[in-house]
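The values are calculated or read from the model by the stated rules, or taken from the named source; none is laboratory data. Keep in mind the model is a prediction, meaning the values are calculated, not measured. Every residue, glycine among them, receives a Cβ derived from its backbone with ideal geometry; neighbour counts consider all protein chains shown. Just so you know, the surface numbers come from the protein's heavy atoms only, side chains and all, with ligands and any DNA or RNA stripped out. Shrake-Rupley method; radii C 1.70, N 1.55, O 1.52, S 1.80 Å.
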Amino acid sequence: MKSAARDIVSRVISNERIADRIHDIRFALHSAAEPPLPGQFAHVSVPGVFLRRPISIAGFDPASRIARLIVRVAGRGTDILSHMKTGDETRMTMPLGNPYPIRELTGGEIPDIWLVGGGIGAAPLLYAADYISRLAGGRAGIKTFLGFRDAAAAFGASEFEAYGETSLDIGGFVTDALTESLGKKIPDAILACGPAPMLSSLQKICARSGVRAYASLEERMGCGVGACLVCNCGISKDAGDEVSYKRVCRDGPVFPLPEVVFK
Amino acid sequence: MNMSVDLCGVKLKNPLIAASGTFGFGREYDELYDISCWGGISVKGLTNEPRTGNPPHRIAETSSGILNSVGLQNPGVDAFIREELPWLSRMGVVVIANVAGATTDDYTEAVRKLSDSPVDIIELNISCPNVKEGGVHFGICPKSVSKVTGAVRKRCLKPLMVKLSPNVSDIASVARAAEDAGADAISLINTITGMAIDARTRRPILANITGGLSGPAIKPVALRMTWQASKAVAVPVVGMGGIDTGTDAAEFLIAGARAVMIGTANITDPTAGPRIRAELENFMSENGVDDANELVGSLRTD
């Protein structure tokens, strides 16, 4: 597939602190930018740090062409990004990476998709929820499982509730509520994003219940387009197969969860 | 305005070459712009057999550069010739095959295969700091540089460029050793060995513990070594290390480089190729330079 990514200038429309160290920044996209899909990311130039920062797309409105990036302040780069003001401009390459395979999963039917997000991993799932809901004409029952370190870091719960039943776990394991729900019903697929320990645990749970699952991964990134080979992750197509390295930026960031090899 | 330069008998339409390891085999960047704007492309380092490379993390950021420890992940020279080269050799750029290995036999076998392929130049990578065997171990002293260059020279039917490591005590003697053993050109510098530590966890950031530093952080070192090497040898020198603007490129030409390579700039700015080309043209017209060759080795020290 020929990438539709473009390197463009985007302008900040608004920047709101929505939780502890979590900022919701809206960008007006340049007309040359292709609409992003859930799971894709923008590689954002940040003045004052050397490398760009890969930020997942948390929302996109096709009519206004406004994209939403939710940023967790994790270091100097994201701190500078979190201080961007309305009217500030920056370059970003987007949309990059492979999206969650939502269209393939839904196949025209009303989908039964569950979302599992840990911490800042909830961000791309907000766009997934919105996208699935629009695809299903608002009739999709999207079940969401969110987990946060503490109450101050929690965001997005009320937004997810607008799309369907949402469970919120603070300081525990997001997978506990999921395991309970999977005991009653198996959805068409689970889309996930979160820290590696959460995804690793989710991998085992999904294998036990036989549910299809896709996860968006994170790794220290260089070019963001697939050329420099620094953002590698271990992938094994089938259990027992040799582990090969794939590029998180280009072959991912979304991978079928059973194929991901966790340390 | 003439931008073209001659690199050991191969004509480059301009002196800008994408540096190995930052440009893959060209496909990813060709989706963002027409890669024929480059004078040449040095492909991701190739080994005779495929290599998986090092585990993550492979990159650490510094204030004006990066440390990487990819460890020569590549599909192997056969897959390159079969699957990548037919496409790349149609793109209207000089194709430089960067070759690495763990043993002299690895190098000679890969070079033998590439000598039968349509690549334009072979770049001998004896300076990769991120592999356990071979790589930089060949490049650290004049004697070993001479040995591997000489062995490869016998099998190499293409112009042979030897890429030198900066992790040496005397770059001039290493450059001369490569030239004496049959190199048609010298390229330098590869990355400078470094490391990064996470103080909170007291662990190295890179899984390989050490990595290679590149980017503007190393530009002064690279300029100095380009200048020293170009004075030491008669064959053309290709300079690199932290070039991020057209003026940076001009500085390397002035220091004595016939052409330059641009690496890390591709990572921080995916459209660095066409940008730096335009900037170099602007620099030349603003400074009344009609021919890029006028800049080469024009450093004034009087």
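Quick notes on this structure:
- When the stretch B:11-33 is filtered for residues that are more than 14 Å from chain A (Cβ to nearest Cβ) and either open to solvent by 20 Å² or more (accessible area, probe 1.4 Å) or modelled with pLDDT under 95 (or both), the ones remaining, listed by number, are B:LYS11, B:LYS13.
- Conditions (1) of a type in the set (Val, Ile, Thr); (2) part of a loop (DSSP other than H, G, I, E, B); (3) more than 25 Å from B:VAL5 (Cα to Cα): number failed by B:THR193: (2)
- Residues satisfying the stated conditions in the stretch A:217-241, i.e. more than 9 Å from chain B (Cβ to nearest Cβ) and open to solvent by 10 Å² or more (accessible area, probe 1.4 Å): A:LEU217, A:GLU218, A:SER236, A:LYS237, A:ASP238, A:ALA239, A:GLY240, A:ASP241
- Criterion violated by B:ALA79 - all others in (1) touching a strand residue (DSSP E or B) at 6+ places or on another chain (Cβ under 6 Å); (2) within 14 Å of chain A (Cβ to nearest Cβ); (3) more than 21 Å from B:ALA207 (Cα to Cα); (4) aliphatic (A, V, I, L, M) satisfied: (1)
- Residue within the stretch B:55-67 that is touching a Leu at 6+ places or on another chain (Cβ under 8 Å) and of a type in the set (Asp, Glu) present: yes
- Every condition in (1) more than 25 Å from B:SER4 (Cα to Cα); (2) out of contact with any Ser or Thr (no Cβ under 8 Å at 6 or more places or on another chain); (3) in contact (Cβ under 8 Å) with a residue 60 or more places away in the chain holds for B:PHE80 except the one numbered (3).
- Qualifying positions in the stretch A:208-263 - in a strand (DSSP E or B) and free of Cβ contacts under 8 Å to residues at least 24 places away in the same chain: A:ASN232, A:SER244, A:TYR245, A:LYS246, A:ARG247
- Looking only at the stretch A:50-83, residues that are open to solvent by less than 30 Å² (accessible area, probe 1.4 Å), more than 12 Å from chain B (Cβ to nearest Cβ), under 20 Å from B:SER63 (Cα atoms) and among the aliphatic types (A, V, I, L, M) come to 2 in all.
- The C-beta contact set for the stretch B:213-241 (first residue surrounded by fewer than 23 Cβ atoms within 10 Å (Cβ to Cβ), second residue of a type in the set (Lys, Arg) and part of a helix (DSSP H, G or I), distance under 7 angstrom, 6+ apart or interchain) comprises B:ALA232/B:ARG176; B:VAL233/B:ARG176.
- Filter pass, A:GLY138 being over 25 Å from A:GLN203 (Cα atoms) and not assigned by TED's automatic domain parsing to the domain that holds A:ALA63: yes
- The stretch A:6-40, subset assigned to a strand (DSSP E or B), within 14 Å of another protein chain (Cβ to nearest Cβ) and open to solvent by 10 Å² or more (accessible area, probe 1.4 Å), residue farthest from B:ASN68 (Cα to Cα): A:VAL9
- In the stretch B:155-165, the residue that is farthest from the chain's Cα centre (by Cα) out of those that are surrounded by fewer than 24 Cβ atoms within 10 Å (Cβ to Cβ) and assigned to a loop (DSSP other than H, G, I, E, B) is B:LEU157.
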